[in-house]
Amino acid sequence: MTGQETAEQKEFRQQCRAWLQENRPPPTAMPLPQAAYEVTTQAHRNYLVDWQAKCFEAELIATDVSRDYGGHGHDGLQQIASSEVRRANVPYFINWIGLGMAAPTLLIHGTEAQKKTYLPTIFTGEDIWCQGFSEPGAGSDLVNLQTSAVRDGDNWVINGSKVWTSLGQLAKYMLLLARTDKNDKYNGITYFIGPMEHEGVTVKPIHKMTGEAGFNEVFLDNVVIADHMRIDEVGLGWKVAMSTLTSERGAAQGVGAVASSNSPFAAIESLIELAKRKTRNGKPMWDDSLWRDKLVKLYERTEAAAQNARRTRINALNGGAMRIPLQGKVTGTELGQELHQLALSMLGMESSLYIGDPNAENDGSWLLGYMNTYTGTISGGSSEIQRNILGERVLGLPKSK
């Protein structure tokens, strides 16, 4: 596949762009959280599910997925649809875990029955998904997870707990890792579809420094899961989990997951506008060569990230470990953090004003966004872990100790 778009791709891009312009939804009565993982209210959920369903009908989601599994059956158009959604700066898709992790995992490892049962409602947003990987004692060191699954005939009995579970309070299903053999570290883990509405599942919110509570603890007390909800073979959960994490870290095209409205591509434009409005020493900051130099350097990096994203369409450029998408997770999240840091520097003392303060710039969104950027540099493998993966699998460096 070349870097040039075909006539079909160009036409599809124009269709996406026109539809998004004509169908932009009205704002909510109360502002949406900056990212899907902070949605907690039923009103926001209903608004975002409705929006995702409309985008699915417009073929912006599951664009390249087979019609047998509820998709639209195209080839090579999903990245175009996703790029236009991001460009339009419209609301994010609430079911980002379903679209970005559950769907790619099921497409690779799921049975035919699982694909036909679960994928269609992932695409429409009807069934929200969450991720049950991290535990109180197994975050970055995921292989030490202790949640247990004991076989009981055609069922499994699950006991344990999960933490940092985004959308857990709204989800119908969980991507669940559980230990089926305590004596085998890697081959003793099995992957399940965990129903969140089953007896024995308790969800408790975790309040962050931002005041938001999108993260949750999930407690599993003798939860019974049927064996047909197991993904792949018993003991292959670690292998399946690595497939899921590859999707989460950006190395898979997914089916249209857009989790946040706070992307570097949108932030840089807002930051330039801020520089043109704010003054320092009697003149707009944009007219100050030092501030403009900082802004232009960040603009260059943002544009480089956008062009690297385009290069992912050419498989030969990605390398055996999907080099470009994986490095994009590191550079993109850290770039977003630097953009918000610069915004706070430009605001000076005003940067301390938070949401609800009538004097806060843009209702305190820069400060909120800065605190939330740490989610991106930690979740899905911290920047440190991501650099280890790139060093070992792409550069061939020895494993760190």
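Just so you know, all these numbers are worked out from the coordinates, no wet-lab data involved. Just so it is clear, the model here is predicted, and its values are computed rather than measured. Here the Cβ is made from the backbone with ideal geometry for all residues, glycine too, and neighbour counts use every protein chain on show.
When LEU395, LEU245 are arranged by Cβ crowding within 10 Å, least crowded first, meaning fewest neighbours, the order is LEU395, LEU245.
Here the relative contact order of the range 158-235, from alpha carbon pairs under 8 Å that lie six or more residues apart, stands at 41 percent.
Roughly how many whole Å is it from the C-alpha centroid of the range 261-308 to that of the range 91-141? Going from one Cα centre to the other spans 36 Å. Taken as Cα centroids, the range 207-224 and the range 1-65 sit 28 Å apart, rounded to the nearest whole angstrom. Restricting to DSSP loop positions (anything but H, G, I, E, B) with no more than 11 other Cβ atoms inside 10 Å of their own Cβ, which chymotrypsin sites (Phe, Trp or Tyr not before Pro) remain in the range 279-374? Qualifying residues, ordered by number: none. Checking (i) 26, 58, 16, 1; (ii) 23, 51, 22, 3, 0; (iii) 29, 61, 10, 0 against P(r) over Cα pairs in 20 Å bins from 0, in percent calculated from these atoms, the matching label is (i).
For SER166, the residues whose amide H sits under 5 Å from its own are GLN131, ASN216, ignoring neighbours fewer than 5 places away on the same chain, with H placed 1.01 Å from N. Counting only aspartates and glutamates at least 8 places from LYS297 when in the same chain, those with an alpha carbon closer than 19 Å to its own are GLU269, GLU273, ASP287, ASP288, GLU334, GLU338.
Placing unit charges on the Cβ atoms of the charged side chains and taking the dipole of the chain about its Cα centre, the candidate lying farthest along the positive direction among GLY369, THR210, GLN42 is GLY369.
Put in line by how crowded their Cβ is, counting other Cβ atoms within 10 Å and starting with the fewest, THR244, THR6 read THR6, THR244. About the centre of its Cα atoms, the range 7-128 shows a dipole size close to 280 debye [charges on the beta carbon of Lys, Arg (+1) and Asp, Glu (-1) only; nearest 20 debye]. Going from the residue with the fewest nearby Cβ atoms within 10 Å to the one with the most, SER66, SER382 rank SER66, SER382.
Packing-based ranking of 341-353, 162-174 yields 162-174, 341-353, ordered from highest to lowest mean Cβ neighbour count within 10 Å. Ignoring aspartates and glutamates fewer than eight residues from LYS10 along the same chain, the ones with Cα atoms less than 17 angstrom from its Cα are GLU59, ASP64, ASP75, GLU84. Amide H contacts of MET196 (H built 1.01 Å from N, in plane; Pro and chain starts excluded): TYR173, MET174 sit under 5 Å, all sequence-distant by 5 or more or on other chains. Relative contact order for the chain using alpha-carbon pairs under 8 Å, separation at least 6, rounded to a whole percent? So the answer I get is 15 percent.
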